[in-house]
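Right, one structure below, let's go through it.
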Amino acid sequence: MQLRHTSARLPTGIAFDVPDLVLLRAWSDFHGLRMAIELDVCAEHKEYEELLALYDRNRAFRRWMLWRSCDGIIVQPANGRTMLCETMADVLEILIPSRD
């Protein structure tokens, strides 16, 4: 008996590290946002182990979607261009710019 050769395909979005989730959760609470974690999502022929969504606290409006890839953390704003960041700290710096 011969087995068919199949190759496992790495999902587009892979799971975040727990410290990154804790950091984003605290940051979103501080800024009055609601963080949602969506697991095992398939969208537009792509698979994501984990997607993070940041919503306005009292509305269903999603401001940002985040996922992790082999290249880094991808941030997709509701309006605008997708950005690639190396760390969660980099993500937090670009989401709400500091006011000097």
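Listing for the model above:
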quantity	calculated
Single residue of the range 1-24 satisfying the filter (open to solvent by less than 60 Å² (accessible area, probe 1.4 Å) and part of a loop (DSSP other than H, G, I, E, B)) that is modelled with the lowest pLDDT	Pro11
Yes/no for Trp27 being surrounded by 12 or more Cβ atoms within 10 Å (Cβ to Cβ) and under 11 Å from the mean Cα position of the chain (by Cα)	no
Total residues in the range 67-84, condition over 14 Å from Gly13 (Cβ atoms) and either open to solvent by 80 Å² or more (accessible area, probe 1.4 Å) or touching a residue at least 12 places away in the same chain (Cβ under 8 Å) (or both)	4
The range 88-100, residues that are of a type in the set (Val, Ile, Thr) and in contact (Cβ under 8 Å) with a residue 40 or more places away in the chain	Val91, Ile96
Meets criteria (open to solvent by 80 Å² or more (accessible area, probe 1.4 Å), at pLDDT below 90 and under 13 Å from the mean Cα position of the chain (by Cα)) for Leu39	yes
Close pairs (9 angstrom Cβ cut-off, 6 or more residues apart or separate chains): under 14 Å from Leu24 (Cα atoms) in the range 51-66, open to solvent by less than 20 Å² (accessible area, probe 1.4 Å) and part of a loop (DSSP other than H, G, I, E, B) anywhere	Leu52/Phe16; Leu66/Phe16
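The values are calculated or read from the model by the stated rules, or taken from the named source; none is laboratory data. Predicted model only: the values in this text are computed from it and were never measured. Because the Cβ atoms are built from the backbone with ideal geometry, glycine has one as well, and the counts that use them run over all protein chains shown. Keep in mind that these areas ignore ligands, DNA and RNA; they rest on the heavy atoms of the full protein, side chains included. Shrake-Rupley method; radii C 1.70, N 1.55, O 1.52, S 1.80 Å.
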